[in-house]
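Please read the structure below before turning to the comments.
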Amino acid sequence: MEERSVAEQERSDRELVAEILSKDRKATAEFVARYADHVYAYVRRRLIPRADLVDDLVQEVFLAAWESLDKFRGYSSLRSWLLGIARHKVEDHYRKRLREVQIADEEEGMGSEPVSAHDLEEALAERQAGELTREVLSSLPETYTVVLLWRYWENRSLRDIAVQTGRTEKAIERLLARARQQFKKRWYEQQSSK
């Protein structure tokens, strides 16, 4: 019975794509209605704490999907295909943000407390979706927020972040050290003020 459901979904996806490509407005509206919530939730989870950017990125996802809909072959579900586009758009967003924001050299000497990566990973894992984490991340400079999210939310390696941003691994390592230090400092400041 499940196999039939999958086959029906595949046929339904292919039919919907064919109708959209033939400029059927109702099919286009159905496409957005059917998948907007999935794409929105995916993008929102990956842009925390920058919820203000979600709508624009979701729009970019659907625009990119619509522009390349003729390339959809049905090897996966239309939903999976869209979420793949969403993943690439989120990566593009982070890559762009990391390239745009310059690291200030004078920030190198900030803070005196050494940061343990283990403590930070444990704190992020325990409180990842928590309000305090979102508050702290939103209070950090955007470069720090982006690099922390890539490293600890997306579980990217230093090498991957370096390749994606066009920086050296050592530069990313230093950036992460400063970001962790600021995160930890503000985490404890937030905790002590509550």
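The values are calculated or read from the model by the stated rules, or taken from the named source; none is laboratory data. Predicted, not measured: the structure shown is a model, and the values here were computed from it. Here Cβ is always computed from backbone atoms with ideal geometry, including for glycine, and neighbour counts include all displayed protein chains. What goes into the accessible areas is simple: the full protein's heavy atoms, side chains included, and nothing from ligands, DNA or RNA. Shrake-Rupley method; radii C 1.70, N 1.55, O 1.52, S 1.80 Å.
Provide 133, 28 ordered by accessible surface of protein heavy atoms (probe 1.4 Å), highest first. All intermediate terms of the calculation are to be shown ahead of the outcome.
Numbers: 133 0, 28 45 Å².
Of 133, 28, the descending order of accessible area is 28, 133.
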What area, in nm² and to one decimal, does the C-alpha convex hull of the range 41-100 cast on average over all directions?
4.4
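Sorted by packing (mean other beta-carbon atoms within 10 Å per residue), highest first, where do 145-155, 88-98 land? Could the numbers behind the result be given before it?
Details: 145-155: 20.4, 88-98: 17.7.
The densest-packed peptide leads the list: 145-155, 88-98.
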With θ set to phi - 60° and the Karplus curve 6.51 cos²θ - 1.76 cosθ + 1.60, what are the ³J(HN,Hα) couplings of the range 151-165 in order, to the nearest whole Hz, using x for Gly and Pro?
6, 9, 8, 8, 6, 8, 7, 4, 4, 5, 4, 4, 4, 5, 9
